[in-house]
Amino acid sequence: GLNFIDLMVRQGNIDNPPKTPLVPGFECSGIVEAIGDSVKGFEIGDRVMAFVNYSAWAEVVCTPAEFVYKIPDDMSFSEAAAFPMNFVTAYMMLFEVANLREGMSVLVHSAGGGVGQAVAQLCSTIPNVTVFGTASSFKHEAIKDSVTHLFDRNADYVQEVKRISTDGVDIVLDCLCGENTGKGLSLLKPLGTYILYGSSNMVTGETKSFFSFAKSWWQVEKVNPIKLYEENKVIAGFSLLNLLFKQNRGGLIKGVMDKLLNLYNNKKIKPVVDSLWALEEVKEAMQRIHDRGNIGKLILDVEKAPTPLMANDSTETSEAGEEE
């Protein structure tokens, strides 16, 4: 699976970027080729999906068994590669951090991206949840049925949300950062939760621009704890990769995956795959993410042969916000 965080890694826009040479990628699906001596519960030949601390974009991947999960019989390998990052991130934010309940409202940026679509699907499993989404206008037709209210990412969505819900929303999920942080906090109802789970506004052109990086952070409103106290607002951050690989919460994530796979088996959720790409096409695939042209998840398929791209069906250059 390709994620926006992979683009940030490539540009060095993360804390402690790894040293090269490096194989990127944090999630994959495939068939078990070999298992360690002490591993229980898996057999050679099992169809599995996994989190990997880098090195997922490869034909052979090695990862601890606690990060590996069996694929349901009717789930394809491409769906499985699109499943873990997006759905675990969405589930953890909605239910573990923000405590989503019946009748609440959620604002999610990049509603057409992998996390955005996972958020919309999970919200639909709870009665009477209103989902406000922002996305590029060219995506609206494709995703309009997945959210309650859809706004152009370049429009003044704060006024649009307040026009529909005068007192704001219960949960804001922000993968953009920058000036959207202050806007999100201003939209929170009392006892509402704002969660920052990415900073895709940090990613600019092909090379990292320190100026744009600094400008994006400069736009982040300073959070005043006294104001939070007076307004009864909650501000939170969420990083699935840190939770897994730095804070050793693999057991917690396994419990979440069990719940998600149950929802999948009951046909309540289904990953949205935008497109499949050969390993040789990784540059073009990453450009599609950079240009925010995708609806759902991009997948690198090691068995796929490169396809010559026609001028009009390559990455659609647009301006949109995207997933973590």
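The values are calculated or read from the model by the stated rules, or taken from the named source; none is laboratory data. What you see is a predicted model, and the numbers here were worked out from it, not measured in a lab. Neighbour counts run over all protein chains shown; Cβ positions are idealised from the backbone, glycine included. Calculation scope for accessible area: heavy atoms of the full protein, side chains included, ligands and nucleic acids excluded. Shrake-Rupley method; radii C 1.70, N 1.55, O 1.52, S 1.80 Å.
Structural remarks
- Calculated FRET efficiency for the pair THR166/ASN265, C-beta based, R₀ 35 Å, to 0.05: 0.30
- In this calculation the C-beta distance from ILE44 to ASN99 is compared with R0 = 45 Å, giving a FRET efficiency of 0.65.
- Label positions at ASN248 and ALA142, each projected 7 Å from the Cα along the C-beta direction, are separated by 4.2 nm.
- Solvent-accessible area, 1.4 Å probe, carbon plus sulfur percent, for the chain: 52 percent
- In Å², nearest 10: area of LEU261 left accessible to a 1.4 Å probe: 20 Å²
- The chain: most fluctuating residue of ARG153, ARG288, ARG163 per GNM, C-alpha cutoff 10 Å: ARG163
- Size of charge dipole - the chain - debye, nearest 20, with Cβ of Lys, Arg +1 and Asp, Glu -1, no other charges: 840 debye
- Debye, to nearest 20: dipole size of segment 20-149, +1 on Lys, Arg Cβ, -1 on Asp, Glu Cβ: 460 debye
- The value given for the chain is a Kirkwood hydrodynamic radius of 20.3 Å, derived from the mean inverse Cα-Cα separation.
- Cα-only Debye scattering, segment 87-243: base-10 log of I(q)/I(0) at q = 0.08, 0.09, 0.15 Å⁻¹: -0.21, -0.27, -0.78
- A 1.4 Å probe over all protein chains sorts PHE83, PHE238 by accessible area into PHE238, PHE83, starting with the largest.
- With the convex hull of the Cα atoms taken as the outline of segment 116-175, the averaged projected area works out to 4.3 nm².
- Environment charge of LYS254, counting only residues whose C-beta is closer than 12 Å and scoring Lys/Arg +1, Asp/Glu -1: +1
- Rolling a 1.4 Å probe over the protein heavy atoms gives segment 87-243 an accessible area of 44 Å² per residue.
- Computed from point charges on the beta carbon alone (+1 for Lys and Arg, -1 for Asp and Glu), the dipole magnitude for segment 87-243 about its Cα centre is near 200 Debye.
- Gyration tensor (alpha-carbon) shape descriptor, segment 1-53, a/c threshold 1.5: prolate
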